[in-house]
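Asks: One structure, as structure tokens, below. Some questions next.
The values are calculated or read from the model by the stated rules, or taken from the named source; none is laboratory data. Quantities reported herein were computed from a predicted structural model and do not represent experimental measurements. Quick reminder, even Gly has a Cβ in these numbers, built from the backbone with ideal geometry, and neighbours come from all protein chains shown. Surface accessibility is based on the protein's heavy atoms, side chains included, excluding ligands, DNA and RNA. Shrake-Rupley method; radii C 1.70, N 1.55, O 1.52, S 1.80 Å.
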Amino acid sequence: MVDSASHINEGGIVAGLRDLGLGAGDGIIVHSSLKSFGQVEGGAQTVIEALMEVVTVDGTILMPSFNHGAAFAAGAPGYYDSRETPTTNGAIPDLFWRLPGVERSLNPTHAFAAWGQHAKRYTEAHHRTITMGPESPLGLLHADDGYCLLLGVDYSSNTFHHTVEMATGAPCLGVRTEAYPVRTPEGAMVEGRTWAWREKNCPFTDQGRYHEVIQARGLQQEVLIGQSRVLLFRLRDCFAVLAEILREGKDGFPPCSGCAIRPRQVARTVPSDWDQARQCLVADSAARNY
């Protein structure tokens, strides 16, 4: 039920999500802005409960719970702990990872949180693979024919475009080439690996030169929930569109193969512990032990 254009409750959110075509058993990655809805009765909890009601425990809800390095900034704890490190992704995901039954991965800067049928499978080995690679939480959701749900945010929030970049070998992102302290749920302090961000922005993903192709090809659904513009699209469709752009270039920008942008070099930069030929951790990777 929607009481006014600026006021919405759980029933109104559920109805809007179902209008998009979401239902029981679906797998979704959710990027969100709570304030985009206007006034939500019950706040972030209400949005999360609406999502859970629609996809049910037979589906899976995945959300970013990244700290983007904030856990290692001056004055911060200096380590990542899946049980206590806040996310910088907003009110909805920061409540989501704290809820009972939600699993959270151990990547030190870009952990994911998940609830539902595949929550444990998606998150349990994230620290042993490529941050946004094919075996990451997003990569596994893609393999399961999942969806991306944008709640009041645009495609710049679509983390899945990084999965496309890493799956297609974009040379601008480091593969497990930054190391940070991680405190495990058992209390041990270990070395955690994550990707290295690029030294400059990508003209395609960071600057949003692909969403209009998805829209033009009719590959997204859109509804208004409260004041929030909500978009839904299949990850497989997004992958196909973006892989084509990264391979061929667009708007005068060269394809990945002709781009000079490379991973950044910072104090935390280390040699990769990933065997590219075998697509697995090297034998002496610390991640093999936790």
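Asks: Looking only at the stretch 262-290, which residues are open to solvent by 90 Å² or more (accessible area, probe 1.4 Å) and either outside any loop (DSSP other than H, G, I, E, B) or among the acidic types (D, E) (or both)?
Replies: Matches in the stretch 262-290: D284, R288, N289.
Asks: Quickly run through the stretch 226-238 and pick out the residues that are open to solvent by less than 70 Å² (accessible area, probe 1.4 Å) and within 22 Å of the chain's Cα centre (by Cα).
Replies: S228, V230, L231, L232, F233, L235, D237, C238
Asks: Further, regarding this structure: Within the stretch 239-280, count every residue that is more than 22 Å from the chain's Cα centre (by Cα) and not small (G, A, S).
Replies: 19
Asks: Kindly check whether there is at least one residue in the stretch 209-221 that is free of Cβ contacts under 8 Å to residues at least 24 places away in the same chain, closer than 30 Å to G11 by Cβ, in contact with a Leu (Cβ under 6 Å, 6 or more places away or on another chain) and not in a helix (DSSP H, G or I).
Replies: Yes; the residues of the stretch 209-221 include at least one that is free of Cβ contacts under 8 Å to residues at least 24 places away in the same chain, closer than 30 Å to G11 by Cβ, in contact with a Leu (Cβ under 6 Å, 6 or more places away or on another chain) and not in a helix (DSSP H, G or I).
Asks: Output the residues belonging to the stretch 19-48 that are under 22 Å from the mean Cα position of the chain (by Cα), over 18 Å from H118 (Cα atoms) and assigned to a helix (DSSP H, G or I).
Replies: Answer for the stretch 19-48, where residues must be under 22 Å from the mean Cα position of the chain (by Cα), over 18 Å from H118 (Cα atoms) and assigned to a helix (DSSP H, G or I): L20, L34, K35, S36, F37, G43, A44, Q45, T46, V47.
Asks: If you check A196 against the conditions, is it open to solvent by 20 Å² or more (accessible area, probe 1.4 Å) and more than 13 Å from the chain's Cα centre (by Cα)?
Replies: Answer is no for this residue.
Asks: Which ones in the stretch 53-96 are open to solvent by less than 40 Å² (accessible area, probe 1.4 Å), in a helix (DSSP H, G or I) and under 28 Å from G12 (Cβ atoms)?
Replies: Those that are open to solvent by less than 40 Å² (accessible area, probe 1.4 Å), in a helix (DSSP H, G or I) and under 28 Å from G12 (Cβ atoms): V54, V55, I92, P93, D94, F96.
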